[in-house]
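Heads up: the structure comes next, in structure tokens.
The values are calculated or read from the model by the stated rules, or taken from the named source; none is laboratory data. Since this is a predicted model, take the numbers as computed values, not measurements. Cβ placement follows ideal geometry from the backbone for every residue including glycine, while neighbour counts extend to all protein chains displayed.
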Amino acid sequence: MDLKFPAEASENDVANGFNQAYCYAEGVRFCTSATAAEALAMFLPESTSSVVQILNAASIDASKVKGLVGLCHDVDSIAGGLSTKLPSRYATACSTCKDVAAKYGEYKPIYGWANEGCPLAATGAAWCVAFLTTQVRGNVYLGAPYQACRPAVLDLWKSYGSNVGIAGIVLTAISIVLMFFACHIRKKPDMDHHDGYHSAP
């Protein structure tokens, strides 16, 4: 289904909510239950190889499932200031993951749906990392998880095309997905206000 974005103005709000939920879910996974190497590939894609070499030299196995939070703990436990040998963005990633793991663990069940219906792509990963580390939302569509996931979501509901308008398909389909998310999340109504998240101009 080839459909221009947004089908209706309100789809921008839907995309915004989808992106946040998706990124929190992926963030929790990479921060707590992925291998350290996978987590580094998401948060430090340009430095992964060099960081893994430094970790190996310090007898830290990046292939073990520990998430970035576990890796950061292991690095901090080694005397001699191993963290000072790592890229500056490493400290930011560690701080981000500790915050994400503490605040957004309830988003993790979303990963099951995301991995099956819309696996994280490189562009989406970059959008999520920027959002999680800077607390600023980028474009709600271009390069965002919603752009990649929108066709998969709409495909679930394309059989309704003869009964409702195209815009109705979009908003109904996404609403159902977000309702599914809501079943797994106790999201605070004013989370954006209290957590200080802002949209990019």
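Candidates Lys66, Lys98: the one that is touching a strand residue (DSSP E or B) at 6+ places or on another chain (Cβ under 9 Å) and among the basic types (Lys, Arg) is Lys66. Among the criteria (1) over 15 Å from Tyr22 (Cα atoms); (2) modelled with pLDDT under 60, the one Ala182 does not fulfil is (1).
Can you spot a residue in the range 62-74 that is within 23 Å of Glu46 (Cα to Cα), polar (S, T, N, Q), modelled with pLDDT of 90 or more and not in a helix (DSSP H, G or I)? Yes. Only one entry of Tyr111, Tyr141, Tyr146 meets the criterion of being of a type in the set (Phe, Trp, Tyr), touching a helix residue (DSSP H, G or I) at 6+ places or on another chain (Cβ under 6 Å) and at pLDDT below 90, and that entry is Tyr111. Inspection of the range 35-55 identifies at least one residue that is under 17 Å from Ala148 (Cβ atoms), of a type in the set (A, V, I, L, M), surrounded by 14 or more Cβ atoms within 10 Å (Cβ to Cβ) and touching a residue at least 40 places away in the same chain (Cβ under 8 Å). Picking from residues in the range 79-91 that are part of a helix (DSSP H, G or I) and either of a type in the set (A, V, I, L, M, F, W, C) or on the phi > 0 side of the Ramachandran plot (or both), the one that is surrounded by the most Cβ atoms within 10 Å (Cβ to Cβ) is Leu82. If the Cβ limit is 6 Å and pairs must be 6+ apart or interchain, which residue in the range 4-29 that is surrounded by fewer than 19 Cβ atoms within 10 Å (Cβ to Cβ) pairs with which residue that is among the aromatic types (Phe, Trp, Tyr) and modelled with pLDDT of 90 or more? Qualifying pairs under 6 Å: Phe5/Tyr141.
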